[in-house]
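Let me begin by presenting the structure, written as structure tokens, before commenting on it.
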Amino acid sequence: MYRDERVTASEAVWRRCTLYVTEGECVRCSACMHACLLQQGQYGVCGVRMNRGGELYGLLDYVSHARADPIERKPLFHYRPGSLVYSIGGVGCNFACDFCQNYMVSIEFASVELTRVAPMQIIRQARTQRADGIAFTFNEPAISAESVHDISRLAHKKGFFTAMATNGYLSKEAVDYLSPHMDACIVGVKTFDEEFYARSCNASLARLKEALSHVMGAGWHVEFSYLVRNDDRGYGDFLSFISQFDGPQILHLGKFFPSYKSTDDETPSEMLVSYHRKARDAGIEYVYISDLYGSRYESTVCPSCGAMLIEREGSVGDDTVISPFCASYDIISYRVTDDGHCPDCGHPIRVEGPPTRRD
Ligand code: SF4
């Protein structure tokens, strides 16, 4: 257990990482697809892992924000619907998106106050909040894979499920390392354009595709979100890409809001609706629009007969500091049968775990 004191990243106690190899006097991090080769004293792209004396050290075990959320806010709609997750995040990111809505913890984090927490403290806090699961979110979990691993392993032992919100840029080593202890993830795709990923995110679409193949083979419940921008050019390729994987795909379309350094226009609602139609035409069974509150696009309908199965009511999240544009959802009605079918036409409906009733 650690004392309850707030420190910045430079004041924190960094610990030795697991996911790396040494190459002469350098270390190569294997937590994400950047595979940073670091000389003595050098930081990785994420800013929270560094070569210290020929070993890789990371800013692990620290939390910047924590709160209990409905799982639908991640967004995860087909895993334990209605459950509450204790959502935690640290600082840093392996991307550098110029439109990031959480830039204050992912990129400009030098003065952010952090609390050091042992895995058992997280579990106790989750219990106090009456959470059903633990979610790693707010910043990229892959860059603190060792913490995610330790907390998730204990969470499973204590009866919690685990989930993470990731940009998907995990290495195969990280996926294998986390695989036994992770249940579900939402992969946030920014667009499907190599030039855009390089220019706006400091990442590679080709490497992301490789990483997503690992993620899809991990045995986790996976849902995708896709950020729809006015200048989007890769949506058709994205739909083709996710269609190659087995099982019904679950897709959340997100509206672009200008944030951080970006002054680009907000995505018009008509564009989101047309993207919804394109996904359904491409055979994606479950497609949602995250930011059209009060519309049918936030509810689950039977892909076969169109019957309303899980009715949700979305609203703007109540936290304006972190993830301010992430909607919150309440479940109004739930009609999927106990054995996972549409009650009207019998079509199989993919929902993992029973619904949880919240008071
Ligand atoms: S997590 Fe990714 S960005 Fe950070 S040091 Fe490792 S390889 Fe580099």
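The values are calculated or read from the model by the stated rules, or taken from the named source; none is laboratory data. Fair warning: this is a prediction, and the values are worked out from it, not measured in the lab. Glycine gets a Cβ as well: all are built from the backbone with ideal geometry, and neighbour counts include every protein chain shown.
Can you tell me which residues in the range 20-32 are surrounded by fewer than 22 Cβ atoms within 10 Å (Cβ to Cβ) and either in contact (Cβ under 8 Å) with a residue 60 or more places away in the chain or assigned by TED's automatic domain parsing to the domain that holds Cys201 (or both)?
Ser30
Would you pick out the residues in the range 220-254 that are within 11 Å of Val189 (Cα to Cα) and among the hydroxyl-bearing types (Ser, Thr, Tyr)?
Ser225, Tyr226, Tyr235
Tell me the residue from Asn51, Asn94 that is touching a His at 6+ places or on another chain (Cβ under 7 Å) and within 13 Å of the ligand (Cβ to nearest atom), please.
Asn94
Would you check if Ala68 is among the small types (Gly, Ala, Ser), under 20 Å from the mean Cα position of the chain (by Cα), on the phi < 0 side of the Ramachandran plot and away from the ligand (no atom under 15 Å from the Cβ)?
Taking the combined requirement at face value, the residue satisfies it.
Does Val316 count as of a type outside the set (Phe, Trp, Tyr) and either at pLDDT below 95 or over 23 Å from the mean Cα position of the chain (by Cα) (or both)?
Spelling it out, Val316 is indeed of a type outside the set (Phe, Trp, Tyr) and either at pLDDT below 95 or over 23 Å from the mean Cα position of the chain (by Cα) (or both).
Here are some conditions: (1) in a strand (DSSP E or B); (2) more than 13 Å from the ligand (Cβ to nearest atom). Gly41 meets all but one. Which one does it not meet?
Evaluating Gly41 over (1) in a strand (DSSP E or B); (2) more than 13 Å from the ligand (Cβ to nearest atom) leaves (1) as the failure.
In the range 145-164, which residues are away from the ligand (no atom under 16 Å from the Cβ), aliphatic (A, V, I, L, M) and over 17 Å from Leu19 (Cα atoms)?
Leu154, Ala155, Ala163
Name the single residue, out of those in the range 97-144 being within 16 Å of the ligand (Cβ to nearest atom) and free of Cβ contacts under 8 Å to residues at least 60 places away in the same chain, that is farthest from Arg49 (Cα to Cα).
Phe136
Just one of the numbered conditions (1) over 30 Å from Tyr286 (Cβ atoms); (2) at pLDDT 95 or above; (3) not polar (S, T, N, Q) is not true of Tyr79; which one?
Evaluating Tyr79 over (1) over 30 Å from Tyr286 (Cβ atoms); (2) at pLDDT 95 or above; (3) not polar (S, T, N, Q) leaves (1) as the failure.
Go through the residues of the range 106-120 one by one and say whether even a single one is in a helix (DSSP H, G or I) and modelled with pLDDT of 95 or more.
Yes.
Across the range 1-22, which residue is farthest from Ala145 (Cα to Cα) among those that are within 13 Å of the ligand (Cβ to nearest atom) and in a strand (DSSP E or B)?
If we take residues in the range 1-22 being within 13 Å of the ligand (Cβ to nearest atom) and in a strand (DSSP E or B), then Val21 is farthest from Ala145 (Cα to Cα).
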